[in-house]
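The values are calculated or read from the model by the stated rules, or taken from the named source; none is laboratory data. Predicted model, so just to flag it, every value in this text is computed and none were measured. Cβ atoms come from the backbone with ideal geometry, glycine included; neighbour counts cover every protein chain shown.
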Amino acid sequence: MGNEVSPNQNKISLDIGYQICYTKRAVKCRKSSILPLKRNFYTFKFKTMIVSILGAHVHTKGGPHTGISNGEALGCQAIQIFTTNPNRWPRKELADNDVDIFIRCWQDSNIEVILAHDSHLTNLASTRTDVLKNSLRTFYGTIQRAARLQIPYVVTHLGAHLDAGEEAGLELLSENLNKLLNKTAETNVIILLETTAGQGTNLGYRFEHIKQVMDAIELKHRIGVCFDTCHVFAAGYDIRTAKSYQVTFNKFDKIIGLENLKAFHLNDAKSRLGSRVDRHEHIGKGKIGLEAFRLLINDKRFQHIPMIIETPQSEEMHPMNLKVLRGLVGR
Ligand SMILES: [Zn+2]
Ligand SMILES: [Zn+2]
């Protein structure tokens, strides 16, 4: 979880043969011998003692703070939200009151980590001046909103080069990211580059793309990576068996470095391995299958990394998908 800013930042890692990360609140509960029942993984498999920071992308209709109650209702330890409508160029900013309520709700909750996802419209690799101008403005706004809400991470896709070529696209993206990071140097918000499926002219479907952008970033402490299982699989990296899972993560480690991995998006895939088509499916119901998720959720290297589902029909199906993932703990 590192040095990032969050109201629930004060964590204690207890190394007693296994590692458990308690929030300040949970420790307080424990001392007064009230079991922290809201954290599902504390009722976990005996002896396996696996604690994941599991959560979901939740909606925030009614204001950003509603994301927290939505996450709590699902028993999440982490949530991801949009800080503004992702399908429209934003026009108005958050009121101070919205920010205060959000922070208060977060402090009173068992949510440990919150991630913001950037707008769907931004393309920092765009060769179209109008799109680029709006993208820079919108992304700047997203970083500022995240900072005000004390959200440590903003997840973003790498954008699309629109036939300018991958090399030109990656260079333009790096240049614009540097501009934005320098312009928001007073914040600690970390940009997480998300692995993509590589649909159309989208960048980021090769680990090398991510590495290239990371190398070009001047403020290294402000950049990290979000690994999306559906996207990586559609991009051609297999994770379906213990062996292929190992090969893929070894590649990731060699090219990007596991220390840069700050978040997961857990989604099964409707599309085939290497199809470069981005279609999310319910956990265990797609072409990836349960084994990859079992491996991930029990991988000790990733137990302090938030894992967020972005599966379809969120309102009806999030409880089911989270239940499936929780059922894999210790198996
Ligand atoms: Zn994703
Ligand atoms: Zn996707």
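Could you tell me which residue of the range 255-270 is nearest to ligand 2 (Cβ to nearest atom), considering only residues that are closer than 19 Å to Met320 by Cα and not in a strand (DSSP E or B)?
Asn267
Can you tell me how many residues within the range 271-292 are assigned to a helix (DSSP H, G or I) and in contact with a strand residue (DSSP E or B) (Cβ under 6 Å, 6 or more places away or on another chain)?
So the answer is 0.
Is it the case that Leu177 is within 22 Å of Leu132 (Cβ to Cβ), buried (at least 19 other Cβ atoms within 10 Å of the Cβ) and within 16 Å of ligand 2 (Cβ to nearest atom)?
no
Might you check whether a residue that is part of a strand (DSSP E or B), within 22 Å of Ser271 (Cα to Cα) and within 16 Å of ligand 2 (Cβ to nearest atom) occurs anywhere in the range 214-226?
Yes, the range 214-226 contains a residue that is part of a strand (DSSP E or B), within 22 Å of Ser271 (Cα to Cα) and within 16 Å of ligand 2 (Cβ to nearest atom).
Could you tell me whether the range 243-254 includes any residue that is within 16 Å of ligand 1 (Cβ to nearest atom) and among the hydroxyl-bearing types (Ser, Thr, Tyr)?
no
In the range 227-249, which residues are away from ligand 2 (no atom under 16 Å from the Cβ), assigned to a helix (DSSP H, G or I) and either among the aliphatic types (A, V, I, L, M) or touching an Asp or Glu at 6+ places or on another chain (Cβ under 9 Å) (or both)?
Those that are away from ligand 2 (no atom under 16 Å from the Cβ), assigned to a helix (DSSP H, G or I) and either among the aliphatic types (A, V, I, L, M) or touching an Asp or Glu at 6+ places or on another chain (Cβ under 9 Å) (or both): Ala242, Ser244, Tyr245, Val247, Thr248, Phe249.
Tell me the residue from His265, His280 that is within 22 Å of Ala116 (Cα to Cα) and touching a Pro at 6+ places or on another chain (Cβ under 7 Å), please.
Within the list His265, His280, the selection yields His280.
Every residue in the range 293-311 that is surrounded by fewer than 16 Cβ atoms within 10 Å (Cβ to Cβ) and assigned to a loop (DSSP other than H, G, I, E, B), please.
Asp299 - this is the single residue of the range 293-311 that is surrounded by fewer than 16 Cβ atoms within 10 Å (Cβ to Cβ) and assigned to a loop (DSSP other than H, G, I, E, B).
Residues are listed down the side, and each one gets a yes or a no for (1) part of a loop (DSSP other than H, G, I, E, B); (2) touching a Pro at 6+ places or on another chain (Cβ under 8 Å); (3) among the β-branched types (Val, Ile, Thr):
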| residue | (1), (2), (3) |
| --- | --- |
| Leu121 | yes, yes, no |
| Arg137 | no, no, no |
| Ala147 | no, no, no |
| Leu162 | yes, no, no |
| Leu180 | no, no, no |
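Restricting to the range 48-80, count the residues that are touching a residue at least 60 places away in the same chain (Cβ under 8 Å), among the β-branched types (Val, Ile, Thr) and part of a loop (DSSP other than H, G, I, E, B).
Total satisfying the criteria: 4.
Considering only residues that are of a type in the set (Phe, Trp, Tyr) and over 18 Å from Arg91 (Cβ atoms), which ones fall in the range 125-155?
Correct list: Tyr153 only.
Find the residue count for the range 180-203, including only residues that are under 15 Å from the mean Cα position of the chain (by Cα) and within 16 Å of ligand 2 (Cβ to nearest atom).
Count: 5.
Tell me, which residue of the range 182-202 that is assigned to a strand (DSSP E or B) and not acidic (Asp, Glu) is farthest from Cys105 (Cα to Cα)?
My answer is Asn202.
Please enumerate the residues belonging to the range 110-132 that are of a type outside the set (A, V, I, L, M) and closer than 14 Å to Thr60 by Cβ.
His117, Ser119
Would you mind stating whether Asp278 is of a type outside the set (Phe, Trp, Tyr), more than 16 Å from the chain's Cα centre (by Cα) and buried (at least 22 other Cβ atoms within 10 Å of the Cβ)?
Yes: the conditions hold for Asp278.
Kindly provide the set of residues from the range 164-178 that are modelled with pLDDT of 95 or more and not in a helix (DSSP H, G or I), ordered by number.
Hit for the range 164-178 is Gly165, nothing else.
Quick one: what pairs do we get from the range 241-260, first residue under 18 Å from Leu273 (Cα atoms), second assigned to a helix (DSSP H, G or I) and of a type in the set (Gly, Ala, Ser), C-beta under 9 Å, 6+ apart or different chains?
Close Cβ pairs satisfying both conditions: Thr241/Ala292; Ser244/Ala292; Tyr245/Ala292.
Of these, Glu208, Glu194, which one is within 16 Å of ligand 1 (Cβ to nearest atom), modelled with pLDDT of 95 or more, surrounded by fewer than 23 Cβ atoms within 10 Å (Cβ to Cβ) and under 28 Å from Thr311 (Cα atoms)?
Result of the check over Glu208, Glu194: Glu194.
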